[in-house]
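Visitor: I'd like to ask you about the structure that follows.
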Amino acid sequence: MSRISAVLTTVVATTACVCATAPTAAASDPVVSRGVTIPAFYTPPSELPSGNGVLVRHEPLPLGLSLPGLDGRPLPGTATRLMYTSTASTGERVAVTGAYIEPTARWKGGGPRPLVVVGSGTMGQGDQCAPSFALQHPLTLNGQTVSIAYEDLAIYRILATGAAVVVTDYVGLGATDRVHTYVNRVDQGHAMLDAARAAYAVPGASVTAGSRVGLYGYSQGGGASASAAELHGTYAPEINLVGTYSGAPPADLTEVMKGIDGSALAGALGWSINGFVQAEPDMREVVAEHVNATGQAALKDISTTCVGDAIFGYGFTRSTEWTRSGKSVAEVIAGEPRAQAVLDKQRLGTLKPTGPVRLATGVQDDIVPHAQSRRLAVDWCKKGADVTYKAVRLPNLGDKILTNHLAPLITDQGDAISWLTDRLRGEPATSDCATMPYQR
């Protein structure tokens, strides 16, 4: 735990949001999550407009990390907080929040300024963990919650290329009317595609419906971008999708569940259960039947945590502590066809993605296991997809402490953004599918 603690505390203190523990006087019935007052913007209206990707509301979003440019414009750009419509896996229309950033850098490629939709990696399940909130508060630390905006590096690197960025908070992360449906394939894919639609309507945005669009995501975001690429053809075919980066995607949740159980990120098991309990009646029944009082209390508490507090509170917990039988959650689900069917519906690789995809995975990754991520590349290749596959080869940096999962996020980031930028410029990709049998 000491190594993890060191990583979490090595952040510039001046960028912190030391958030108030009491509601502000101006707020009307404010939502408070672990001592953080959620801005009223994040509470959806009682009725939503029809259609997907419709902009419900917007407001200026001050970036927590920003510098004045020589021409007076801020670097890396000007941000707008968004709320837009999407369709959940249940068929329900939902409000999703996020942020659009108009870059200061000029786009030097051909055509209108392109757009990159960023699906953030795991941030947590509490509304205070929302990626758009993290853009304003790169560090949220108040004694009750710890959230670090680790995706800002990738976002700012993309903006430096001259591409605009829209970041989705996903369903229920930020928006205060429901629990975040963590790693829900359909919810995440729809949220990313609808973020692109919403970006076109942002006042002052230079992107247009003709802009080339790229999808970018690692870990949870890698699963979200992979899903969006698979769903694009039927859900949002009008979007000019030209390339997708999917890093360390959790393609098979049955296998991923085994990877995170007992790890530093064991709390993520609770986030996924909470999301599926909300969306899937069969999972709700199985959890009610098999999870003991300790587990029920943990699930409730975990529903408001960010990554930092989940690590500190539930790191290395084994799910056998949460079940009445003493079996792991994976074993319980394997013995319950209703629950297993819920996870099977989440499997990525059953659909052919639109356009070229770059899939990268660390060969030592033991949180989102390498083998199931690589299998997604193989499944896509079998469907005739254009896949660039990268096995990130690093030494073992420590079992189950997140380092084997996080290191490829940084070491491969430059190559991933360069590959995606080439697609936004209209350059063709080269598929690795012919050599997949010879790659690890």
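Visitor: Under 8 Å for C-alpha pairs, at least 6 residues apart: give me the relative contact order for region 75-221, rounded to a whole percent.
Guide: 35 percent
Visitor: Can I ask one more? For the chain, give me the percentage of DSSP beta bridges that are antiparallel, rounded to the nearest 5 percent.
Guide: 55 percent
Visitor: In addition: On full extension of the chain, what length is gained from residue 29 through residue 347, given 0.36 nm per residue of separation minus the C-alpha to C-alpha distance? Mind dumping the intermediate values first?
Guide: On the way: separation 318, 0.36 × 318 = 114.48 nm, distance 3.92 nm.
Working it through step by step, the gained length comes to 110.6 nm.
Visitor: Taking the Cα centre of the chain as origin, work out the dipole magnitude from +1 charges on Lys and Arg Cβ and -1 charges on Asp and Glu Cβ, in debye rounded to 20. Provide the component values of the computation, followed by the final result.
Guide: Working: 35 positive and 38 negative charges, 168 e Å.
Using only the charged Cβ atoms, the result is roughly 800 debye.
Visitor: Just to compare against my own numbers: the Cα pair-distance distribution for region 121-237, 10 Å bins, whole % per bin, please.
Guide: Going out from 0 Å in 10 Å bins, region 121-237 shows 13, 44, 35, 7, 1 percent.
Visitor: Can you list residues whose amide H is under 5 Å from residue 397's amide H, if they're 5+ apart or on another chain and H is modeled 1.01 Å from N?
Guide: Residues meeting the amide H criterion: 404.
Visitor: Something else now. Suppose every K and R has +1 on its Cβ and every D and E has -1 on its Cβ; what is the size of the dipole of region 102-261 about the Cα centre, in Debye to the nearest 20?
Guide: 580 debye
Visitor: OK, next. Where does the charge balance sit around residue 76 when Lys and Arg score +1, Asp and Glu -1, over other residues with C-beta under 13 Å from its C-beta? Walk me through the numbers on the way to the answer.
Guide: Details: positive: 73, 106, 157; negative: 102, 152.
Computed value for this residue: +1.
Visitor: Let me ask something else about it. What longest range of the chain stays clear of loop-exposed GluC sites (Glu not before Pro) (DSSP non-H/G/I/E/B, at most 16 other C-beta within 10 angstrom)? Please report the intermediate quantities before stating the final value.
Guide: Values: sites that count: 47, 92, 238.
Looking at the chain, 239-440 is the longest stretch - no exposed GluC sites (Glu not before Pro) with at most 16 other Cβ atoms within 10 Å.
Visitor: Please work out the Kirkwood hydrodynamic radius for region 44-159, using every pair of different C-alpha atoms, and report it in angstroms with one decimal place.
Guide: Final number for the Kirkwood radius of region 44-159 is 15.9 Å.
Visitor: Once neighbouring chains are kept in place and the probe is 1.4 Å, which whole percent of the accessible area of region 233-318 is contributed by carbon and sulfur?
Guide: So the carbon and sulfur contribution to the accessible surface is 54 percent.
Visitor: Next up: Using DSSP to call loops (not H, G, I, E or B), can you name the trypsin sites (Lys or Arg not before Pro) in region 322-417 whose Cβ has at most 10 other Cβ atoms within 10 angstrom?
Guide: Hits after loop and neighbour filter: nothing returned.
Visitor: Could I ask something else about it? Which of 334, 349, 369 sits farthest toward the positive end of the charge dipole of region 325-370, with +1 on the Cβ of Lys and Arg and -1 on the Cβ of Asp and Glu?
Guide: My answer, from the dipole projection, is 349.
Visitor: Continuing with this model, one more query. Beyond 18 Å, what percent of the Cα pairs of region 276-429 remain?
Guide: Across region 276-429, Cα pairs with separations above 18 Å total 70 percent.
Visitor: Still on this structure, I have one more. Pick from 281, 131, 395: which residue has the top mean-square fluctuation in a GNM of the chain where Cα pairs under 10 Å get a spring?
Guide: Maximum among the listed residues: 395.
Visitor: From zero up to wherever the largest Cα-Cα distance of region 216-286 sits, split into 5 Å bins and tell me the percent of pairs in each.
Guide: 4, 15, 18, 21, 18, 13, 8, 3, 0
Visitor: Restricting everything to alpha-carbon atoms, can you work out Rg to Rh for the chain with a Kirkwood hydrodynamic radius?
Guide: Computed over Cα atoms, the ratio is 0.94.
Visitor: Lysine pairs in the chain 8 or more apart or on different chains: how many have alpha carbons under 14 angstrom apart?
Guide: 4
The values are calculated or read from the model by the stated rules, or taken from the named source; none is laboratory data. Just so it is clear, the model here is predicted, and its values are computed rather than measured. Don't worry about glycine lacking a Cβ; one is built from the backbone with ideal geometry, like all the others, and counts go over all protein chains shown. Just so you know, the surface numbers come from the protein's heavy atoms only, side chains and all, with ligands and any DNA or RNA stripped out. Shrake-Rupley method; radii C 1.70, N 1.55, O 1.52, S 1.80 Å.
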